[in-house]
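Rule-based calculations on the coordinates, nothing more; no lab input. This is a predicted model, so every value here is computed, not measured. Counting neighbours? That spans all protein chains shown, and the Cβs are built from the backbone with ideal geometry, glycine included.
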Amino acid sequence: MVIADTGPLYALIDRSDVWHERVTAWWTAQPRHVRVPITVLPEVCYLLQTRISAQAEQAFARSVADGELIIEPVESDDLLRASALMDEYLDFPLGFVDATVIALAERLGAREILTTDRRHFSAVRTQRNRPVAIVP
């Protein structure tokens, strides 16, 4: 199982994004169970609307509603863990969405995080003091 961050979802849609080809190749290479934290959706929508168009945002929202992505809810314990991560990396800083991505990965036992954000995710350690495995 893989937990998806904002950047790759945006890159899949925006053909001019520098990550588009790399993420698309990873996404289509083999079947994977990719889960998207619900906290990622507003960021993707914002980027689509401001960088492409309202129509792109609406098409993404429709694809989510049609079940094209597996959306993972954030539970109370995930919020507590995200808050602890934000506190631990306060000087970094680690934002809420990234912290929830890590918290969900920990809870679900995901071994990889799909992200274009190498800076933040490569610096964070999981509860078991392991670095996060980053793809693509």
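If the chain linking Asp66 and Arg107 were pulled fully straight, counting 0.36 nm for each residue of separation and taking away their Cα-Cα distance, it would gain 12.2 nm.
Among the trypsin sites (Lys or Arg not before Pro) within the range 5-89, those in coil by DSSP and having at most 16 neighbouring Cβ atoms inside 10 Å are Arg15, Arg32. Using a simple spin-label model with pseudo-atoms 7 Å out from Cα toward Cβ, Gln30 and Tyr46 lie 3.5 nm apart.
Put in order of Cβ neighbour count within 10 Å, fewest first, the listed residues His20, His33, His120 become His33, His20, His120. Values (i) 8.7; (ii) 8.0; (iii) 18.8 are given for comparison; mean projected area of the Cα convex hull in nm², derived from the coordinates here, is the one labelled (ii).
For the chain, what's the relative contact order in percent, using C-alpha pairs closer than 8 Å and at least 6 residues apart?
This gives 30 percent for the chain.
Taking GluC sites (Glu not before Pro) as exposed when DSSP calls them loop and at most 15 other C-beta atoms lie within 10 angstrom, the chain has its longest site-free stretch at 1-67.
Counting DSSP beta bridges in the chain, what percent are antiparallel, to the nearest 5? Restricted to the chain, the bridges split so that about 10 percent are antiparallel.
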